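These notes are about the structure you will find just below.
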Amino acid sequence: MIVLEAFEKRVPSQTIVGLLGDENSGISPALESLAYASTGMTLVNYSLDARDPLSQLRAKRDLNLVRRHGGTVLLASWNTALLIEMCDEVWWIENGKVIAQADPTQIVDRWNRAILERWRAEQSGSNPPLSPAMRRGDGRAVVKQVELLDAREQPVTAWQSGEEAVVRVSVEFTEAVARPVIGMLIRTRVGLDVYGTNTELERIELGPRAVGDRVRVSFRFACELCPGDYTLTVASHDPDGTWHEWLEDAVAFAVGDSRYTAGVANLRAKATWELQLNGTR
């Protein structure tokens, strides 16, 4: 096996090498073969990923001791924060081959981008189902469709943080409505309001509308959200707030990124630093 040969020939001593790859990478079989061959290396075959915090602290202490005393550690994990913290270098492995090895941060960033691209591709071509937690209103209009689209107006169930996103809401009127307003509201999975707008706020006049009229409103925006799970609530209502139809958490969607960011709004801060001596700049 190529991976096994690479481990035996290329792993330096007094080092913790992180191993990163998907389930079909060949990492686990290679580590099992090395364990059977009694190579003398310390092998961690994803066991840290499932341990409780105290057990992880103990294990990290032990692995650092192995490295300090001249040993070699192969640490397979999907916990990228752990790999960055513990490893001297990380190897990215696919189909039994080492396709990249470098500083942990460099490999983890490349890995995250690749996973995001694969995941994003899998989510393209379809819209999430319309499954509101609650529907209410007087029925003068009905929300017929909610679409999540990318910048090319292709259907998606997930967006990449920072990309151009489109929410398209189609409404059919069952009664005459003088001044309809159509809106959207993004929430986190725990119900925190993130962003909302409507046609009145955007200064778009939709009325008057007659029975049988159908309108489609597109909201286009930069999806500057942190990675996570979100819901979209949509509604048609009068200017005074009387609902024709309100679909609570009508669809669920996800946002991904190539790196971890805490919170909800992805403000994309640029960090700088300077050395201050004796209180001067």
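The values are calculated or read from the model by the stated rules, or taken from the named source; none is laboratory data. Since we're looking at a predicted model, the values are computed, not measured. Using ideal geometry, Cβ is built from the backbone for each residue, glycine included, and neighbour counts are taken over all protein chains shown.
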Next item on the list: Looking at (1) part of a loop (DSSP other than H, G, I, E, B); (2) surrounded by 15 or more Cβ atoms within 10 Å (Cβ to Cβ); (3) under 18 Å from the mean Cα position of the chain (by Cα), find the lone condition where residue 190 falls short.
Entry: (2)
Notebook entry, point to check: Of (1) buried (at least 16 other Cβ atoms within 10 Å of the Cβ); (2) at pLDDT below 95, residue 232 satisfies all except one. Which?
Noted result: (2)
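Is at least one residue of the stretch 56-63 touching a helix residue (DSSP H, G or I) at 6+ places or on another chain (Cβ under 7 Å) and among the polar types (S, T, N, Q)?
Keep residues of the stretch 56-63 that are touching a helix residue (DSSP H, G or I) at 6+ places or on another chain (Cβ under 7 Å), which gives 56, 59-60, 63.
Of the ones still in play, those that are also among the polar types (S, T, N, Q) are 56.
Checking the stretch 56-63: at least one residue is touching a helix residue (DSSP H, G or I) at 6+ places or on another chain (Cβ under 7 Å) and among the polar types (S, T, N, Q).
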Next item on the list: Give the number of residues within the stretch 193-207 that are surrounded by fewer than 18 Cβ atoms within 10 Å (Cβ to Cβ), farther than 19 Å from residue 148 by Cβ, in contact with a strand residue (DSSP E or B) (Cβ under 7 Å, 6 or more places away or on another chain) and not acidic (Asp, Glu).
Entry: 1
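Can you tell me which residue among 139, 125 is at pLDDT 95 or above and on the phi > 0 side of the Ramachandran plot? Full working, then the answer.
Working: 125 fails: at pLDDT 95 or above.
Residue meeting the stated conditions: 139.
Determine whether residue 110 is within 18 Å of the chain's Cα centre (by Cα) and crowded, with 17+ Cβ neighbours inside 10 Å.
Details: within 18 Å of the chain's Cα centre (by Cα): yes; crowded, with 17+ Cβ neighbours inside 10 Å: yes.
The answer is yes for residue 110.
Can you say whether residue 49 is modelled with pLDDT under 95, touching a helix residue (DSSP H, G or I) at 6+ places or on another chain (Cβ under 9 Å), under 21 Å from residue 111 (Cα atoms) and not small (Gly, Ala, Ser), as far as the supplied structure shows? Step through it out loud before you land on a result.
Values: modelled with pLDDT under 95: yes; touching a helix residue (DSSP H, G or I) at 6+ places or on another chain (Cβ under 9 Å): yes; under 21 Å from residue 111 (Cα atoms): yes; not small (Gly, Ala, Ser): yes.
When the stated conditions are applied, residue 49 passes them.
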Item checked: Single residue of the stretch 36-56 satisfying the filter (surrounded by 11 or more Cβ atoms within 10 Å (Cβ to Cβ) and in a helix (DSSP H, G or I)) that is nearest to the chain's Cα centre (by Cα) -> 49
Next item on the list: Scan (1) surrounded by fewer than 13 Cβ atoms within 10 Å (Cβ to Cβ); (2) outside any loop (DSSP other than H, G, I, E, B) for the single condition residue 146 breaks and write down its number.
Entry: (1)
Notebook entry, point to check: If you scan the stretch 63-107, which residues turn out to be in a helix (DSSP H, G or I), surrounded by 19 or more Cβ atoms within 10 Å (Cβ to Cβ) and hydroxyl-bearing (Ser, Thr, Tyr)?
Noted result: 80
Margin query: When you scan the stretch 115-123, do you find a residue that is assigned by TED's automatic domain parsing to the domain that holds residue 25, surrounded by 15 or more Cβ atoms within 10 Å (Cβ to Cβ) and farther than 30 Å from residue 191 by Cα, even just one?
Written below: no
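Checking the condition among the hydrophobic types (A, V, I, L, M, F, W, C) and crowded, with 16+ Cβ neighbours inside 10 Å, which residue from 141, 151, 176, 222 passes?
On the way: 151 fails: crowded, with 16+ Cβ neighbours inside 10 Å; 176 fails: crowded, with 16+ Cβ neighbours inside 10 Å; 222 fails: crowded, with 16+ Cβ neighbours inside 10 Å.
Criteria check complete, one pass: 141.
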